[in-house]
1. Does any residue in the range B:80-108 that is at the interface with chain A (Cβ under 7 Å from one of its Cβ atoms) and under 20 Å from B:Gly186 (Cα atoms) come within less than 9 Å, Cβ to Cβ, of a residue that is of a type in the set (Phe, Trp, Tyr) and buried (at least 23 other Cβ atoms within 10 Å of the Cβ) six or more places away or on a different chain, and which pairs are these?
2. Tell me which residues, restricted to the range A:206-265, are of a type in the set (Val, Ile, Thr) and without any contact (Cβ under 8 Å) to a residue 40 or more places away in the chain.
3. Which one of these does B:Gly131 not meet: (1) outside any helix (DSSP H, G or I); (2) buried (at least 23 other Cβ atoms within 10 Å of the Cβ)?
4. Please verify whether the range A:208-217 includes one or more residues that are out of contact with any Phe, Trp or Tyr (no Cβ under 8 Å at 6 or more places or on another chain) and surrounded by 24 or more Cβ atoms within 10 Å (Cβ to Cβ).
5. I'd like to check something: does the range B:141-160 contain any residue that is more than 9 Å from B:Gly81 (Cα to Cα), in a loop (DSSP other than H, G, I, E, B) and more than 12 Å from chain A (Cβ to nearest Cβ)?
6. All but one of (1) more than 14 Å from chain B (Cβ to nearest Cβ); (2) over 30 Å from A:Gly159 (Cβ atoms); (3) outside any helix (DSSP H, G or I) hold for A:Met1, so report the exception by its number.
7. Within the group A:Gly58, A:Gly68, A:Gly105, which residue is at pLDDT below 95 and within 30 Å of B:Val108 (Cα to Cα)?
8. Regarding B:Arg12, is this residue within 28 Å of B:Val215 (Cα to Cα), modelled with pLDDT of 95 or more and assigned to a loop (DSSP other than H, G, I, E, B)?
Amino acid sequence: MTALGAMTALGTALRVEVLAWRRSTVQRVATPLLVLLVPLAAVGLTALARSGAVDGAGAPKLAAYATGDPATTHLGVAGQVLAVAALMAGGFAAAAVFGQPLADGRAGAYFGLATPRGTVALARGLVVLAWTAACVLVAIGLTVALSAAVTAAASGSFGSTAWAAAGRALGAGVLAAGLAVPFAAVATATRSPLATVGALIGVVALTQLVVLVGGGSWFPYAVPSLWTGTGGPAAAAGVGGGALALTAAVAPAGAALVVAQWRRLTDV
Amino acid sequence: MTTPALLLDAVRRSFGTRPALDGLSLKVDPGEVVAMIGLNGAGKTTALRVLTGRLRPASGTARVLQRDPARLDVATARRVGNVVGAPLVDPALTVAENLRAAALLNGVPRAQVTAAGAAAVGRLDLAAWAGARARDLSAGNAQRLGVACATVHDPAALVLDEPTSALDPRGVVLVRELVRERARAGAAVLVSSHHLDEVARVADRVAVVHAGRVVGELDPRGADIERRFFAMVLAADTPGSGPDAPAGAGGRAPRGRRAA
């Protein structure tokens with residue numbers, strides 16, 4: 001296939017996959033959850049931490065949100081939530097769009113098409129990635145708007161540190177979205193959406209262990225969270241450009257893997 | 001001599017220790033409708049999976065329009081349609097959307113996608129459900145949609161696995177007319193079915209598949225196809241019976257056997 005033919009096929013597959021994803025139940029449920037819960041959690045948790053109403057086991061966890069510029073805290077919390085939520089949302093989406101057709105046999109219908117299976121898989125992965133990244137962007141936009149409204153009501157200001165936190169939250173969310181791409185390969189290998197969700201949960205648990213033993217700053221699945229300050233300012237400062245680049249490389253590597261899997265797919 | 005548009009030659013495939021295809025050979029020429037009939041587990045669907053590239057044979061040859069079905073180039077793939085198992089239908093999309101998606105994925109030029117979808121809706125009488133989601137369709141209408149999606153690009157080689165299993169008599173007639181129309185246009189059509197009466201009406205040739213191979217052919221125009229089918233299967237199961245034995249029961253040795 002020529003380069004022009006490949007681009008045409010990708011364009012065709014993207015048109016079909018965008019429509020399919022727009023209509024999917026998973027997308028319809030996950031989108032409002034992701035874009036509404038994040039700003040509400042960011043502003044709500046900050047307000048709760050500063051209210052003094054929380055004591056017991058939850059108090060130390062919220063202590064970091066109890067001081068400092070409120071708007072910067074809002075965006076910092078949003079980044080921390082998105083660092084996990086974007087991975088989970090993207091992972092669930094990958095489980096649904098790659099695992100379900102293989103589980104119910106619909107993937108067999110992609111054989112013998114003028115649009116190659118690998119191209120369909122690439123388009124599907126790009127749509128999931130773009131959707132997750134778009135949700136991250138909208139969630140941060142809503143958080144900025146809500147935070148600006150809340151701080152203005154309290155006679156505060158939405159300053160440069162808050163914008164910097166918004167930028168980092170956006171970066172962390174998009175990185176986390178990219179970390180979900182390899183779960184398309186997991187879904188293809190296991191041919192099971194549930195097994196993929198299990199693997200996703202397993203990776204999140206593994207990340208906790210890696211961070212606990214101090215190896216998180218170079219572990220891609222820990223990098224977005226650490227970078228947004230989940231492990232404290234020192235851990236955030238320990239995340240360098242190399243770790244961020246390594247984390248960003250996970251998405252294209254995962255995409256290349258799933259495209260190769262779909263090209264070689266058999267026994268469907 | 002006509003080059004077959006669909007060809008399986010001495011194909012063998014096992015699942016674990018259980019042989020599913022035991023040297024199955026079959027060919028379909030352009031303009032011809034061939035029906036595969038057989039008991040459950042005879043190997044019909046496995047043969048169709050091999051022919052559509054979904055399953056690699058352990059040995060033997062599969063060809064669709066002279067190409068390996070597992071590695072179809074784009075130009076060839078544009079001329080192929082199939083429904084084997086689950087069709088190219090997204091349950092979340094409407095009938096019209098599914099047909100547009102199928103047309104696009106099957107290589108119909110964008111300017112012609114709407115017309116191709118409308119034509120497919122008309123052929124299979126789906127207009128009343130054009131705006132309905134596929135998941136809300138009855139089993140019969142869903143099956144008609146699957147066939148419509150597989151034929152929206154007017155393929156020159158068409159493989160259909162039990163395309164009328166869920167259809168009411170009207171749907172059966174629609175699919176029969178579609179199959180015959182494709183054949184009149186020069187397409188090679190291979191259909192598997194359990195509906196012997198329907199097979200007799202739609203097929204030019206009937207291949208009887210049993211124990212993973214074609215054990216003979218039946219004349220679809222002859223009387224009492226069901227009796228002849230069972231006689232052929234029984235003869236194939238009888239020790240010492242060769243593939244020529246069923247001829248006396250109203251059948252003949254398979255034309256596609258060792259087709260190369």
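The values are calculated or read from the model by the stated rules, or taken from the named source; none is laboratory data. Quantities reported herein were computed from a predicted structural model and do not represent experimental measurements. Positions of Cβ are backbone-derived with ideal geometry, glycine not excepted, and every protein chain shown enters the neighbour counts.
1. B:Asn82/A:Phe111
2. Matches in the range A:206-265: A:Thr207, A:Val210, A:Val211, A:Val213, A:Val239.
3. (2)
4. Yes, because at least one residue in the range A:208-217 is out of contact with any Phe, Trp or Tyr (no Cβ under 8 Å at 6 or more places or on another chain) and surrounded by 24 or more Cβ atoms within 10 Å (Cβ to Cβ).
5. Among the residues of the range B:141-160, not one is more than 9 Å from B:Gly81 (Cα to Cα), in a loop (DSSP other than H, G, I, E, B) and more than 12 Å from chain A (Cβ to nearest Cβ), which makes the answer no.
6. (1)
7. Checking each option against the conditions leaves just A:Gly105.
8. Spelling it out, it is not the case that B:Arg12 is within 28 Å of B:Val215 (Cα to Cα), modelled with pLDDT of 95 or more and assigned to a loop (DSSP other than H, G, I, E, B).
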